[in-house]
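Single-structure report; data block below.
Read-outs: derived from the displayed coordinates by stated rules, not from any lab. Note that this is a predicted model, so its numbers are computed, not measured. FYI the Cβ positions are ideal-geometry reconstructions off the backbone, even for glycines, and counts take in every protein chain you see.
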Amino acid sequence: MIDKIKDFASHFFVTGDPLIYGADVSIGLSMVAIFFVLTYFKKWGWLWREWLTTVDHKKIGIMYIIASLLMLFRGGVDALLMRAQLALPNVHFLQSEHYNEIFTTHGTIMILFMAMPMMFGLFNIAVPLQIGARDVAYPFLNAFSFWMFFVGAMLFNLSFVIGGSPDAGWLAYPPLSELSGSPGVGENFYIWGIQLSGVGSLASGINFVVTILKMRAKGMKMMQMPLFTWSVFASCVTIIIAFPVLTVTLALLFIDRFAGGHFFTMLHGGNPMMYVNLIWMWGHPEVYIVVLPAFGVFSEVVSVFSKKRIFGYKSMVFSLMIISILSYFTWVHHFFTMGASANVNAFFAITTMAIAIPTGVKVFNWLFTMFRGRIRIEQPMLWTLGFIPTFLIGGATGVMLAVAPADYQYHNSYFLIAHFHQVLIGGVVFGYLAGIYYWWPKMFGFKLNVKLGLWAFWLWNIGFYVCFMPQYALGFMGMTRRVYTYGWDMGWGPLNLISSIGAVLMGIGFIFQVWQILYSIKYGERDTTGDPWDGHTLEWTIPSPAPEYNFAIEPIVKGQDDFWRMKKEGIVPMTKESEIKPIHMPRNSGIPFIMSWFWFIAGFGFTFGWTWMIVVGLLGVAGSMLARSFTKKLDYYIPVEEIKETEAKFGRLV
Amino acid sequence: MSQAISHTNDHHEEHEHHEDLSVLGFWLFLVSDVILFGTIFATFMVLRSHFDGGPTGKELFEAPGYITETFLLLTSSFTSGLATLALNKGKVNQLIGWLVVTALLGLGFIGFEVSEFANMVSEGATISRSAFLTAFFTLVGTHGLHVSVGLCWMTAIMIQLKRNGINALTTRKVTLVSLYWHFLDVVWIFLLTIVYLMGVM
Ligand code: HEM
Ligand SMILES: [Cu+2]
């Protein structure tokens, strides 16, 4: 009996690696610490009522952002481990299998569990406020989306200590990811972690499209919406079309692994190349899904901090939509070398290069907006300015990669690694950080410390160039991606060392940001006006942090940048006591949280192939749905008195 | 008093607002479901001739089976239409009655499909025999899964109708479930043509 348990445990828990023991210990300790702190300060009830059951989009947004920062940390540690391994030739700090696991988890976490949730966090924080709405279209679904992302991320991360991590790359190409190539549970963790959070992403996509179409304040036409909201719209439309493809692709891979199917195997008529086509039909739009909202943030920031209207509003909107459409017709550029005909490659090379045109339009519009503007270099603007050169270089190298014949040279080299990090870090991460700095006062009611922010900014920026510029050269010198070590004779040593130093600088930049947040929680400058940046759009008309009902009186909009108009006309946003009516609000619910954890149980069961656990999980899911379906009290009214009190507290009541 | 009146008006407005919202959201969900099926259809098209020496569609598909299934599903779509009519007339019992008929027809469809699958498996045509069969079971099975989920959903709605009668909420739920049901019907037509009819040709 004891032996049996021991045997099981040694397969179940990943053992034999000091890194993993370290992780076990730190997971254990943090669980104990969290438990202790919550119990000691009697915060369990508060946690449940205020956060775990909330349907308030602002709180959901904050939870998304916290979770994504944690994931940025995890993905960043992976990155540093890899850069440590590659810093010098012949290092054997990580074994080759371990290196494979780490680049796989790094890529997956960064894109699906860091970039996506940070993006949804910003959607949640800003979109309802920008369009003058009290909430998103489906608040309950919104909470469900968040918890599905959360349990998906947890499931994926669990693979590090239980059962073993996936190691077939962030897109899990078969036949490597098939049972024959990866017999462990790692790829199952990959499939189910992404599948669960993918359901959440799809639901969010639908939620925000409906929100934007139907919940805009009276008078706000589509062509008067703030550009961030437009970018969210473009991104969410893309989600609705792209994510089902991902769901199917992963489901088919799972059928191969779980039920002995032959979609992508080498035997019995399977076709691995079909997987590569399918996954990139999602994968390429995915990179635009994450970058378009960053463009939206830049548009807001550039116009506010130049004290000007955005230049070429209409062309900005059209270019967003064109990019999201074109993004579907480029996927083959990820495998020009697969041996499709020259005509096919030429078609996809041209569509890929065509995306540079609307993107270029955007960059020029930002530059024209700044031209002759009264520019203020606050933190959001700083990150925007940092973004422009990085993105220009990233775009240029992207066009180089799009030249099909030339790609035979760069394919899967470090040139590619440098290119996509350039756009992902310079475009996506810088963009979201700009967005977080920009909306931070709206979320929490205080500004983040500038001095620490400057340190963080320069460390990230300089670190970025030091890390990735040498990699372009390494690519030309023949270094391919996913190599775990190399010999002295290759001559790659010095550039790799420089690159690793850059990675460390970015890591220190991140530490400065954590410090900046902690420091500012204590000493940060309070924002009493609700409008710390002299903003143009509706979110700045209400107090910071926004009250739970957002707008005491629903705004009526007269045009684009309506708050700016009000300021020009000398109108101060105040709440007229006589106009206050009771506000209809959705009730909190524990069901999204509980249902998602049942999905987690089912996902874990699928991962290990334990039928009883799958059954328990799915029954729980069905039970939660029924419970929801039979819930009667879905909403409540905030009484006039309470609204008056809140508004008076902010000094808004007249 | 005037306060109270404007309050109820508000309430009403919000509810209408809400109905409108759910229907749009549901349409978007259907769009994503179309893409989901489209993707599986595409893989089926790629693999439909990858028999690997195993049984082909021509050998496996039996006309009485899939024709009965088609008949059951099409009829159920019709009866769900009758349910909607009863809903519009506000007749609860009639509405529940037609929903029960719809669900029974759907159940019959699932029954035939399961027995069809069982037959195939007993003849050695399992999911792991060839890429063609993997794609077949996945595509037809996904549709079957959708129908089963629809059945559970419909049952829950019938219970609610029994308890609460017809109100704004249940009206919306019935509208959505019948939309879903018609959608599955349309998908089945594609399945019938592409998988079965083209398979036996
Ligand atoms: C913060 C600094 C970062 C550093 C130092 C870094 C470093 C690395 C390294 C060393 C690799 C492995 C290259 C190889 O051996 O093939 C890699 C791969 C990758 N990184 Fe990063 N990375 C960073 C941030 C990011 C971010 C922000 C994202 C996405 C938003 C990202 C996405 C990826 C992806 C998708 C891969 C490919 C994984 C695979 O080959 O399967 N990285 N990164
Ligand atoms: Cu691409």
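Along the axis of the charge dipole computed for the protein assembly as shown (Cβ charges of +1 for Lys and Arg, -1 for Asp and Glu, origin at the Cα centre), the listed residues A:PHE263, A:PRO226, A:HIS421 are led at the positive end by A:PRO226.
At 0.36 nm per residue, minus the direct Cα-Cα distance, what do A:TRP515 and A:LEU19 gain on full extension? Give it in nm, one decimal, please. Can you show the working numbers first?
Details: separation 496, 0.36 × 496 = 178.56 nm, distance 2.53 nm.
Additional length available on full extension: 176.0 nm.
Quick one: helix B:63-89 against the long Cα principal axis of chain B, what's the angle to the nearest 10°, folded into 0 to 90? In chain B, helix B:63-89 runs at an angle near 0 degrees to the longest axis. Note on chain A: dipole from Cβ charges, positive end direction compared against A:GLY198, A:LEU250, A:PRO389; the farthest Cα belongs to A:PRO389. Calculated FRET efficiency, A:ARG565 to A:THR480, Cβ-Cβ distance, R0 = 45 Å: about 0.20 to the nearest 0.05. Here, P(r) means the percent of Cα pairs in each 10 Å bin from 0 to the largest distance; for segment B:81-201 it is 12, 38, 25, 16, 8, 0.
What size of dipole, in debye to the nearest 20, comes out for segment A:101-221 about its Cα centre when the only charges are +1 on Lys and Arg C-beta atoms and -1 on Asp and Glu C-beta atoms? Could the numbers behind the result be given before it?
On the way: 5 positive and 5 negative charges, 194 e Å.
Computed charge dipole of segment A:101-221: roughly 940 debye.
Working value for segment A:216-317: equivalent-ellipsoid semi-axes of 42, 13, 9 Å, each the square root of 5 times a Cα gyration tensor eigenvalue, largest first. Straight Cα distances below 17 angstrom link A:LYS649 to the lysines A:LYS442, A:LYS576, with same-chain residues fewer than 8 positions distant left out.
What do you get for the angle between helix A:18-40 and the principal long axis of chain A? Use alpha-carbon atoms, 0 to 90 degrees, nearest ten. Helix A:18-40 and the main axis of chain A meet at about 30 degrees.
Dipole magnitude of chain B about its Cα centre, charges +1 at Lys/Arg Cβ and -1 at Asp/Glu Cβ only, in debye to the nearest 20?
Working: 9 positive and 15 negative charges, 74 e Å.
Computed charge dipole of chain B: roughly 360 debye.
For B:LYS58, no lysines have a Cα falling under 16 Å of its own Cα, not counting residues fewer than eight places away in the same chain. How many percent of all Cα-Cα pairs in segment A:1-68 sit more than 21 Å apart? When all Cα pairs of segment A:1-68 are counted, 54 percent exceed 21 Å. Modelled this way, with points 7 Å down the Cα-to-C-beta line, the labels at A:MET266 and A:PHE650 are 6.3 nm from one another.
Where does each of A:CYS236, B:CYS152, A:CYS467 land when they are ranked from fewest to most other beta-carbon atoms within 10 angstrom? Mind showing how you got there, number by number?
Numbers: A:CYS236 29, B:CYS152 13, A:CYS467 23.
So the ranking, lowest neighbour count to highest, is B:CYS152, A:CYS467, A:CYS236.
Of all beta bridges DSSP finds with both residues in chain A, what is the antiparallel percent, to the nearest 5? Looking only at bridges with both residues in chain A, the antiparallel portion is about 80 percent.
The value given for the protein assembly as shown is a Kirkwood hydrodynamic radius of 28.9 Å, derived from the mean inverse Cα-Cα separation. Rounded, prolate or oblate: which one fits segment B:44-112, using the alpha carbon gyration tensor with axes a ≥ b ≥ c (rounded when a/c is under 1.5, else prolate when a/b beats b/c, else oblate)? Judged from the Cα gyration tensor, segment B:44-112 comes out prolate (a/c at least 1.5, a/b above b/c). Scalar couplings 3J(HN,Hα) for segment A:645-654, obtained by applying the Karplus form with A = 6.51, B = -1.76, C = 1.60 to θ = phi - 60°, are 4, 4, 5, 5, 4, 7, x, 9, 7, 10 Hz; x denotes Gly and Pro.
For chain A, the longest principal axis of the Cα atoms and the long axis of helix A:96-108 meet at an angle of about 20 degrees.
To the nearest 20 Debye, how big is the dipole of the protein assembly as shown about its Cα centre, given +1 on the beta carbon of each Lys and Arg and -1 on that of each Asp and Glu? Please report the intermediate quantities before stating the final value.
Details: 52 positive and 51 negative charges, 437 e Å.
With only Lys, Arg, Asp and Glu charged at Cβ, the dipole is about 2100 debye.
Past 32 Å, Cα to Cα, is the threshold; run A:LYS558/A:LYS644; A:LYS58/A:LYS522; A:LYS221/A:LYS632; A:LYS42/A:LYS218; A:LYS362/A:LYS581 against it and keep the listed order.
A:LYS221/A:LYS632; A:LYS42/A:LYS218; A:LYS362/A:LYS581
Relative intensity of segment A:104-262 on a log10 scale, I(q)/I(0) at q = 0.19 Å⁻¹, equals -1.08, per a Debye sum over C-alpha point scatterers of equal strength in the absence of solvent. Pairs from the table (A:LYS633/B:LYS173; A:LYS314/A:LYS568; A:LYS43/A:LYS447) lying more than 20 angstrom apart at Cα are A:LYS314/A:LYS568; A:LYS43/A:LYS447.
For the segment B:38-44, counting C-beta atoms of other chains within 10 Å of every residue's C-beta and taking the mean gives 5.
Per residue of A:259-267, what is the mean number of Cβ atoms on other protein chains within 10 angstrom of that residue's Cβ? Show your work: numbers first, answer last.
Working: counts 6, 5, 11, 12, 8, 3, 3, 0, 4.
Mean inter-chain Cβ contacts per residue within 10 Å come to 6.
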